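What follows is a single structure, written as structure tokens, with notes after it.
Read-outs throughout are calculated quantities, based only on the coordinates presented, and are distinct from any laboratory measurement. Predicted model only: the values in this text are computed from it and were never measured. Don't worry about glycine lacking a Cβ; one is built from the backbone with ideal geometry, like all the others, and counts go over all protein chains shown.
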Amino acid sequence: MITFTADKQHVRTVGRSIFRNNIRYLSWSCSAVEFIFTGTEVTAEIWTDWVLDEPWKEIFQGQLAVFINDEAEPRLRFAVEAGKNSYPIYKSNTAEKVKIRIMKLSEAAFDKIGIVSISADGEPEPTSPMARRMEFIGDSITCGFGIEGISAEEHFRTKTENPYINYASKTARCFSAEYNLISWSSIGVYSSWCDDENAAAPNNGWVMPMLYGYTDIGIENTLGNNSPVLWDFESFVPDVIVINLGTNDVSFTKNIPERLEDFKQAYIKFLSDIRSKNPDAHIICTLGMMGNELYPVIEEAVRDMNDEKICALEFDVQREEDGIGCEKHPNAVTHNKAAMKLAGKVSEITGWQIDSSIFD
């Protein structure tokens, strides 16, 4: 067996991730490592910071998936136990050339996972990147929160969270595009989710504009690093960026005119920042799966930007007859419908052809 770290000499990283002290830290939804080897067996030593007693352990436990040879469904899906442990990743009776992808399904707001080492009975090599690239910036919807839940009354668990089948992943996959998810539950642009009905100020201590410029400020905080690493925007240049934010801001704006204006100005400022870091990307500003109250304001912000490569797209609000996921979040049916609508828009502005089998 050959034991190696998840550095870029041995693996290709998918999504934003931090490599420190020879550990590859995965935090963002759908962040992954991928490599090719010829052999019969792979194991991985994996660490997580999420050390809690029941029932919290089961609710927020980190979840990983393993994909083999670009199969449509993961070959393996498992929860990560507290501390540092070894996990079987792949096993075969005959040696063959195999592509391995280890992907994080649980979101950045909860557990943090580190790949300490990987062992294989064959020499690893990084895979090649895809030609097309997309980036999705969002909240719990983009994390796939509750997507596999059976009802709106069901409480959230990371076991029911699956970003691989959400609107973002399906849209990217129907174009064979590489994609990054920058998403965090309850986050907003102007105000993250506000529990206080009578709040006089926005909940803006942790909003998306604070996170976007960094590789992974969430894991940096966990690791105690006071100088978080800035994201290298040259390392991943998206053709298309999709923003799906505003669902949580509405908990504070409450249709109050001055708050709506403050949200619009915050949205424009964030859009301007995204444009400055991604000068050539098409940007699609979306909203609506869990409510469309702020969509008209987003349309105004897009018009005010006066940028021919920035547009708005309203998702349909989820329907009871399609089912609802955990804690009133969209389920797989709603995500699939949103993906088809978004794919149509992406195809319109890029000319890319849609692989409709992804939506079957």
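Annotations
- Remark on Trp50: its backbone amide H falls under 5 Å from those of Gly83, Lys112, a criterion applied only to residues 5 or more positions apart or on other chains, H modelled at 1.01 Å from N.
- The range 309-342-the range 174-222 distance, computed between alpha-carbon centres (Å): 20 Å
- Neighbour-count ranking [beta-carbon atoms within 10 angstrom, fewest first] of Ser128, Ser140: Ser128, Ser140
- Taking the inverse of the mean reciprocal distance over all distinct Cα pairs, the Kirkwood hydrodynamic radius of the range 72-172 comes to 16.3 Å.
- Alpha-carbon centroid distance for the pair the range 81-156 / the range 11-63, whole angstrom: 7 Å
- Summed residue charge, Cβ within 10 Å of Lys309's Cβ, Lys/Arg positive, Asp/Glu negative: -2
- The packing ranking, built from the mean of other Cβ atoms within 10 Å per residue, places the peptides 220-230, 340-350 in the order 340-350, 220-230, highest first.
- Here the peptides 198-205, 332-339 are ranked by packing, the mean other Cβ count within 10 Å, and the order with the highest first is 332-339, 198-205.
- 222 nm mean residue ellipticity, helices alone, for the chain (DSSP H n ≥ 4; -39,500 (n - 2.57); rounded to 500): -6500 deg cm²/dmol
- Per residue, the average separation of C-alpha pairs within less than 8 Å and at least 6 apart gives the range 2-126 a relative contact order of 43 percent.
- Spin-label model distance (nm) - Arg303 vs Lys84, 7 Å beyond Cα toward Cβ: 5.8 nm
- Antiparallel DSSP beta bridges within the chain, percent to nearest 5: 70 percent
- Residues whose placed amide H lies under 5 Å from that of Leu313, excluding near-sequence neighbours: Cys285, Thr286, Leu287
- Across the chain, C-alpha contacts under 8 Å between residues 6 or more apart give a mean separation that, scaled by the residue count, equals a relative contact order of 18 percent.
- Only aspartates and glutamates eight or more places from Lys104 in sequence, or on another chain, were considered; those with a Cα closer than 13 Å are Glu34, Glu161.
- Candidate lysines - alpha carbon under 29 Å from Lys99, same-chain residues fewer than 8 apart omitted: Lys8, Lys84, Lys91, Lys112, Lys159, Lys170
- Under the Karplus curve 6.51 cos²θ - 1.76 cosθ + 1.60, θ = phi - 60°, whole-Hz ³J(HN,Hα) for the range 347-353, x wherever Gly or Pro sits: 4, 4, 8, 10, x, 5, 8
- 3J(HN,Hα) couplings calculated from phi for the range 273-284 with the Karplus curve 6.51 cos²θ - 1.76 cosθ + 1.60 (θ = phi - 60°) are, in sequence order, 5, 4, 4, 5, 8, 9, x, 10, 6, 6, 10, 10 Hz; Gly and Pro show x.
- Translational diffusion of the chain, µm² s⁻¹ [Kirkwood Rh, Cα pairs; Stokes-Einstein; 20 °C; 1.002 mPa s]: 103 µm²/s
- Lysine pairs in the range 225-360 whose alpha-carbon atoms fall under 27 angstrom of each other, counting only those eight or more residues apart or on distinct chains, come to 22.
- Taking only the Cα atoms of the range 205-360, the radius of gyration and Dmax are 17.0, 48 Å.
- Kirkwood Rh in Å, taken over the range 2-126 so that all alpha-carbon pairs contribute: 14.5 Å
- Residues Cys143, Cys194 arranged by fewest to most Cβ contacts within 10 Å: Cys194, Cys143
- Built amide H within the under 5 Å cut-off of Tyr90, gap 5+: Val42
- Environment charge of Asn93, counting only residues whose C-beta is closer than 14 Å and scoring Lys/Arg +1, Asp/Glu -1: -2
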